[in-house]
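A quick write-up on the structure given underneath.
Just so it is clear, none of the values below were taken in a lab; they were calculated from the coordinates. Predicted model, so just to flag it, every value in this text is computed and none were measured. Here Cβ is always computed from backbone atoms with ideal geometry, including for glycine, and neighbour counts include all displayed protein chains.
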Amino acid sequence: MHGKKTVLLGVTGSIAAYKAVELASALIKKDLDVVVVMTEAATRFVTPLTFETITKNPVSTELFSRERPYEVEHISLAKRADVFVVAPASANFIGKYAHGIADDLLTTVAMAVTAPVLIAPAMNSAMYSCAANTANMQLLKARGCAFVEPAEGLLACGDVGVGKLADVDTLVSAILKALYPKKDFLGKRVLVTAGPTRERIDPVRFLTNRSSGKMGYAIAEAARDRGAEVVLVSGPVSLPSPAGIRVVDVESTQDMLDAVLKEFESCDCAIKAAAPADFTPEEVSGHKIKKTGADGMVLKLRRTPDILAALGGRKGSRVLCGFAAETRELEAYATEKLRRKNLDLIVANDVSRADAGFGVDTNRVTVFSADGSIAEYAGTKREVADFVLDEVAKILLAREGHRDA
C-alpha cells in the first residue's frame, strides 16, 4: 500500500452506517487505503468484520484494546490519516468533538488528527437544526473542519426533512477534493467583506438588515483553503472567527469603508459579500430616546458611503466582485450595478427565495461578468463560495497571462 493516500474513516451510531460500507468500497476502487474506526454504537448497526473484509485493514473500536502489539493507538491512527472523514457523524460525536470531549477511541483520534477533517452528519431533521447542533457545527467550521451537508428526504424515523447522509458520490467527491485540494490562490491576497453594518440611532438602537454573514465567511474560508492569504472585514455577526484568517471587526458602514480602503491597496482581488446599510441617521442621540407621549417620531436619514463604488473607482488591475441581493428584476438590477460600479463580476441572488435568503445555509446565484458571460449555480454556501472563486480565478489567470505576454 506504499504511496497510497489513507482515508481514516470514522463511523458513528446511525442507521446510515450501512452507507459507510458502500463509501469504503467506493474509496478502495479509487485506489485509496481505508482505515476504519467505529464507535461501540456503530457496531450495533454494522459489524467490524464487514469493513475489514472490504478494506483489508483491521477495524479499531476500543480505546484500551490489548489485541495488538503495544502502541498508543489513537496517536498511530491519527498519524496515518491523509484525511479524516466521519460518515455518518451523529449529533453526539459533533457535540463532543466541538467541546473537546474524548471519551472513546473515535473522539480521542479526532483530538490527535492533524490532517484535513471532513464531517458528514446524519440524524433526524429536528436534531440537525436544533440550536445546540447548529452552534457545534459552526464552531467546528470556524476551526477549519469541512462539512458535507445532509440531504433531504424520508428519514429512518419516518419523518421527511433534512438529515439523510449525503449520497456516496457526493462524499467521494468531497474526500478527493480534501486529498487533492486546489491551491490556485496560493500567493494571492484576497479581501472579503461579510455581514451587515449597524447605524446607531441612540446608545441602544440602530438600523441594520438581516444579513447573517454566512456567505462572506464561506468565501473567506474557501479562499483560505485554496491557498490565499485572506483578510475578512466583518460587520456584527454571530459566527465564530475562522481559523487562519485575519478578521477586522467593524460596526458602521463608514467603519467598513475605512477598513476596506486600508486593506484594498495590497490585495489581488476583493469580494464584497457584505450588506452594509444604505442609510444612516442624520443625528445620533447621545442618550436613549424616551417616549414622549407623541403618536410618532420622524427619523431623518442620509445616504451612507458607497463602498463598492469607491473600490471600483480605484481598482486598477485588481479583480473586484460585488453582490446584489434582489427581490425582483434580478438581471436588470445586477447588470446595471456591475456597469455603474466598475466591477469585474457581480453575484446576484433572489433573497425572497427560501433556499437563497438571509440566514440559510444554501444559496442560488447568477454570476454576471463584465465580458457579458453569465453562470448559474445552486448549492450550499460553501459550494457557492468555491464556484464564485472559480469565476474570480479565471479573470486572475487571464490577467496574469496578459502581463506575461
For region 351-386, give me the residue count where each residue is assigned to a strand (DSSP E or B) and not aromatic (Phe, Trp, Tyr). 13
Cβ-Cβ under 9 Å, sequence separation 6+ or interchain: first residue in region 311-324 and in contact (Cβ under 8 Å) with a residue 60 or more places away in the chain and aromatic (Phe, Trp, Tyr), partner crowded, with 19+ Cβ neighbours inside 10 Å and part of a helix (DSSP H, G or I). Which pairs? PHE323/MET215; PHE323/GLY216; PHE323/LEU308
Only unsatisfied item for ALA146, checking (1) within 23 Å of LEU320 (Cα to Cα); (2) aliphatic (A, V, I, L, M); (3) touching a strand residue (DSSP E or B) at 6+ places or on another chain (Cβ under 9 Å), is (1)
Single residue of region 211-238 satisfying the filter (surrounded by fewer than 21 Cβ atoms within 10 Å (Cβ to Cβ) and more than 15 Å from the chain's Cα centre (by Cα)) that is farthest from ALA324 (Cα to Cα): GLY227
